[in-house]
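Working notes, beginning with the structure itself.
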Amino acid sequence: MREREERESEFVDKLVHINRVAKVVKGGRRFGFAALVVVGDQKGRVGFGHGKAREVPEAIRKATDAAKRNMIRVPLRESRTLHHDVQGRHGAGRVVVRAAPPGTGIIAGGPMRAVFETLGVQDVVAKSLGSANPYNMVRATFDALTQESSPRRVAARRGLKVSAIQARRRDIVDDVSEG
């Protein structure tokens, strides 16, 4: 039992949005709640979940359980930022996520900020274009994060050594800083 509690506590969860919905029945309205929760271990794993119930705490619990079930792993550079810039989209929600130098912090709006904080990213610049719907923004951010790949993965795909790919990156960074 104690091991399970320790495993549960390694995750950080953030409530992104609560939506109150009403069902009209004979004699009035019945209210229900929908919750959107983002869960992460702050070491490169993150997931989101959606839960609906008649009470807020139950909706949050369901959403947290759903988030823990569908977690993804995102490769991070130096455990603080992303490896490269990427765009994601879901429905009308579009996001642009960019890697940032040390000390930048998390520059992102509402729902995206929750995703990056639970993911463990410290330096990132993100912009939401299109829909401001929190569900679409979170899904678009996850779409962008699933496209993220590490130099190790790129090297394996191309049949090269990691050092060859990182040397190329250093050449590009040197060209940009000179020009």
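Descriptive notes on the structure:
- For Arg113, the conditions (1) assigned to a helix (DSSP H, G or I); (2) in contact (Cβ under 8 Å) with a residue 24 or more places away in the chain are fulfilled apart from (2).
- First in the stretch 74-98 and in a loop (DSSP other than H, G, I, E, B), second anywhere and hydrophobic (A, V, I, L, M, F, W, C) and open to solvent by 10 Å² or more (accessible area, probe 1.4 Å), Cβ under 7 Å, 6 or more apart: Leu82/Leu76; Leu82/Ala99; His83/Ala99; His84/Ala99; Asp85/Ala99
- Of all residues in the stretch 116-133, those being at pLDDT below 90 and assigned to a helix (DSSP H, G or I) number 0.
- Taking the stretch 46-69 as the range and being of a type in the set (Lys, Arg) and surrounded by 18 or more Cβ atoms within 10 Å (Cβ to Cβ) as the test, only Lys62 passes.
- The set of residues from the stretch 8-40 being closer than 27 Å to Ala144 by Cβ and out of contact with any helix residue (DSSP H, G or I) (no Cβ under 8 Å at 6 or more places or on another chain) comprises Glu10, Asn19.
Here's the yes/no breakdown for (1) open to solvent by 30 Å² or more (accessible area, probe 1.4 Å); (2) more than 12 Å from the chain's Cα centre (by Cα):
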site: Glu117; (1), (2): yes, no
site: Lys127; (1), (2): yes, yes
site: Ala132; (1), (2): yes, yes
site: Met137; (1), (2): no, no
site: Thr146; (1), (2): yes, no
site: Arg152; (1), (2): yes, yes
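- The stretch 70-104: number of residues that are in contact with a strand residue (DSSP E or B) (Cβ under 9 Å, 6 or more places away or on another chain), small (Gly, Ala, Ser) and open to solvent by 20 Å² or more (accessible area, probe 1.4 Å): 3
- Among residues of the stretch 138-163, those that are in a helix (DSSP H, G or I) and either out of contact with any Lys or Arg (no Cβ under 9 Å at 6 or more places or on another chain) or not hydrophobic (A, V, I, L, M, F, W, C) (or both), counted: 16
The values are calculated or read from the model by the stated rules, or taken from the named source; none is laboratory data. Keep in mind it's a predicted model, so treat the numbers as computed, not measured. Ideal geometry is used to build each Cβ from the backbone, glycine not excepted, and the neighbour counts take in all protein chains shown. Accessible surface areas use protein heavy atoms only, side chains included; no ligands, DNA or RNA. Shrake-Rupley method; radii C 1.70, N 1.55, O 1.52, S 1.80 Å.
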